[in-house]
Amino acid sequence: MSIELLLTFIAFAFTASITPGPNNLMMMASGSVFGFRKTLPHITGVVLGFAVLLSAMIAGLGLVLEGLPAITIGVQVIGAGWLFWLGLSLCLSAKDHSAVTRHIPSVTSARPFRAIEAALFQWANPKALAMTASCAAAFSALAPSVVLRLTVMVTVFSVIGALTSVLWTLVGCRLAKLLATGSSAYIAQLVMGLLFIATSIGLLIV
């Protein structure tokens, strides 16, 4: 295994993981609205879901999807609709000022992502699909064995992805402290709901 290529891959993984995208923006939103502890399942789901997606791409799924683009489009449409519904729930729950102030759920169904939901979302996330497909192709020479290459790439992305996910969530938690009460909290949750909706629309036009 080339050390130079491994370092290049680590730099690629860090850059790809730290830059803004649907996952990072939604974890920031979740941290802001629901707090760090309740966002942990979201973080776990993103890391595990991305690991499974990357593993599948390294194993050859990318070639299959190139020949059947309708599958990718269908998954993105379903994911966008589900994400739109979650964003709408956040916007509706923002109407209840007292519930936001007390940090408890309102009468609507607004809630943080479950781990399985965050994991499945990776298959509808255009950034995750592009990252994993390009990564599997560009770093095919990282190791001669597919098993070793998969192990190294998934491990690196999982560690870096977990760290950057925690960082984005903490940024959201910090924003929550700055906008903790009254109309500020109402505006913060409304903005986060709109962010989810905007991300769902972005899934359909990317």
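The values are calculated or read from the model by the stated rules, or taken from the named source; none is laboratory data. Not measured: the values here are computed from a predicted model. Glycine gets a Cβ as well: all are built from the backbone with ideal geometry, and neighbour counts include every protein chain shown.
For the range 19-36, check the following and say yes or no: at least one residue is at pLDDT below 75 and either surrounded by 14 or more Cβ atoms within 10 Å (Cβ to Cβ) or in contact with an Asp or Glu (Cβ under 9 Å, 6 or more places away or on another chain) (or both).
Taking the range 19-36 as the starting set, the residues that turn out to be at pLDDT below 75 are none.
Among the residues of the range 19-36, not one is at pLDDT below 75 and either surrounded by 14 or more Cβ atoms within 10 Å (Cβ to Cβ) or in contact with an Asp or Glu (Cβ under 9 Å, 6 or more places away or on another chain) (or both), which makes the answer no.
Of the residues SER109, SER134, which is modelled with pLDDT under 85, out of contact with any Phe, Trp or Tyr (no Cβ under 7 Å at 6 or more places or on another chain) and exposed (fewer than 14 other Cβ atoms within 10 Å of the Cβ)? First the steps, then the outcome.
Values: SER134 fails: exposed (fewer than 14 other Cβ atoms within 10 Å of the Cβ).
SER109 is the lone residue from the list that is modelled with pLDDT under 85, out of contact with any Phe, Trp or Tyr (no Cβ under 7 Å at 6 or more places or on another chain) and exposed (fewer than 14 other Cβ atoms within 10 Å of the Cβ).
Residues are listed down the side, and each one gets a yes or a no for (1) under 17 Å from LEU195 (Cβ atoms); (2) modelled with pLDDT under 90; (3) β-branched (Val, Ile, Thr); (4) surrounded by 15 or more Cβ atoms within 10 Å (Cβ to Cβ):
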| residue | (1), (2), (3), (4) |
| --- | --- |
| GLY49 | no, no, no, yes |
| MET57 | no, yes, no, yes |
| GLU66 | no, yes, no, no |
| THR72 | no, yes, yes, yes |
| TRP85 | yes, yes, no, no |
| SER93 | yes, yes, no, yes |
